[in-house]
Amino acid sequence: MSRVEPLRRPARLAPGARVAVVAPSGPVPEERLRAGLDVLRGWGLDPVVAPHVLDRHGEFDYLAGADADRAADLQSAWCDPAVDAVVCARGGYGVQRMVDLLDWAAMRAAGPKVFVGFSDITALHEAFAVRLGLVTLHGPMAAGVDFVKNARAQDHLRATLLAPETVRTIRSDGTALVPGRARGVTLGGCLSLLAADLGTPHARPSARGGLLCLEDVGEETYRLDRYLTQLLRAGWLDGVSGLLLGSWAQCEPYDGVRALLADRLGGLGVPVAEQFGFGHCDDALTVPFGVAAELDADAGTLTLEEPALT
């Protein structure tokens with residue numbers, strides 16, 4: 001069975017780099033978008049807003065405009081040679097409705113560039129890995145409240161984009177749910193989206209050989225149980241090298257979530273680091289997906305073999 005392999009790394013950003021902001025998922029609050037654009041400008045970057053970012057779907061208010069328009073924004077930004085990075089405005093829901101509308105051959109021909117997002121964007125992280133073979137960044141989004149109001153989240157993303165060699169070791173404040181060290185290639189994202197992605201054309205067949213990052217938001221424990229059990233039953237976790245568990249914001253009290261995580265993941269026999277500080281949380285760290293790394297669950301560190309970006 002195939003293993004998760006390291007992916008091609010895009011180039012780091014430099015002052016003046018053009019960053020396109022797109023909305024593949026839910027509707028974007030205009031005030032937060034303005035604040036996020038100001039942060040990016042403060043880093044010396046040149047953010048441009050895709051045409052449909054502030055759209056609202058005529059029938060379903062949880063979508064940022066029509067599926068075809070959201071897909072067109074992402075594809076146009078990616079295929080624009082003047083654009084160096086594409087940053088999502090927010091998550092929510094909607095990627096799974098638009099991801100099949102993208103012209104992956106055209107996007108592959110456009111070459112590598114930086115892609116940033118998390119939450120619902122998990123489905124795009126998987127698609128970019130499978131279709132483009134490209135490292136992506138699981139990190140804060142331009143109109144996210146966790147980004148516009150949080151200095152550590154901003155600083156870590158900025159360092160990853162502009163000086164990635166300075167954040168080759170990602171340090172958490174967490175502990176080991178299962179102790180030990182493991183090597184593998186990073187992947188993952190939002191647990192519910194990974195479960196929903198199983199069997200689709202843009203999902204990899206398994207996490208074998210990977211350092212799997214998992215987090216979620218607003219889920220009852222029995223639903224987290226269902227997602228994890230689905231991944232286990234599908235064999236998707238067979239051969240995984242190690243796990244990093246991020247935030248479980250707005251879920252039930254962590255003692256109960258922790259017990260579930262230990263129950264479902266402890267039997268895999270691999271190191272598991274908990275409360276690693278990525279996902280739907282304050283001070284969210286940026287984690288690159290597709291990079292070979294070593295996890296030290298006891299120390300709460302993820303050390304990348306090379307910087308996330310070239």
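The values are calculated or read from the model by the stated rules, or taken from the named source; none is laboratory data. Quantities reported herein were computed from a predicted structural model and do not represent experimental measurements. Note that each Cβ is placed from the backbone with ideal geometry, even for glycine, and that neighbours are counted across all protein chains shown. Each accessible area value is taken on the protein alone, full model and side chains, heavy atoms only, with ligands, DNA and RNA left out. Shrake-Rupley method; radii C 1.70, N 1.55, O 1.52, S 1.80 Å.
Below, the figures for the structure above:
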item: Residues located in the stretch 148-170, provided they are surrounded by 17 or more Cβ atoms within 10 Å (Cβ to Cβ) and within 18 Å of Val87 (Cα to Cα); result: Val148, Asn150, Ala153, Gln154, His156, Leu157, Arg158, Thr160, Leu161, Leu162, Pro164
item: Any hit, the stretch 124-147, residues being free of Cβ contacts under 8 Å to residues at least 40 places away in the same chain, in contact with a Gly (Cβ under 9 Å, 6 or more places away or on another chain) and either open to solvent by 10 Å² or more (accessible area, probe 1.4 Å) or not hydroxyl-bearing (Ser, Thr, Tyr) (or both); result: yes
item: Condition check for Arg226: open to solvent by 50 Å² or more (accessible area, probe 1.4 Å), in contact with a Gly (Cβ under 9 Å, 6 or more places away or on another chain) and not β-branched (Val, Ile, Thr); result: no
item: Among residues of the stretch 219-260, those that are among the aromatic types (Phe, Trp, Tyr), in contact (Cβ under 8 Å) with a residue 24 or more places away in the chain and assigned to a helix (DSSP H, G or I), counted; result: 1
item: Residue satisfying condition, being basic (Lys, Arg) and at pLDDT 95 or above, within set Arg258, Arg204; result: Arg258
item: Condition met for Ser2 (in contact (Cβ under 8 Å) with a residue 60 or more places away in the chain, polar (S, T, N, Q) and open to solvent by 50 Å² or more (accessible area, probe 1.4 Å)); result: yes
item: Qualifying positions in the stretch 207-223 - at negative phi and open to solvent by less than 20 Å² (accessible area, probe 1.4 Å); result: Ala207, Gly210, Leu211, Leu212, Cys213, Leu214, Glu215, Asp216
item: The stretch 261-272 residues that are over 18 Å from Thr221 (Cα atoms) and charged (D, E, K, R), paired with ones that are in a loop (DSSP other than H, G, I, E, B) and open to solvent by 30 Å² or more (accessible area, probe 1.4 Å) (beta carbon under 6 Å, 6 or more apart); result: none
item: Residue ID - nearest to Arg226 (Cα to Cα), chosen from residues in the stretch 141-194 that are assigned to a strand (DSSP E or B) and hydrophobic (A, V, I, L, M, F, W, C); result: Cys190
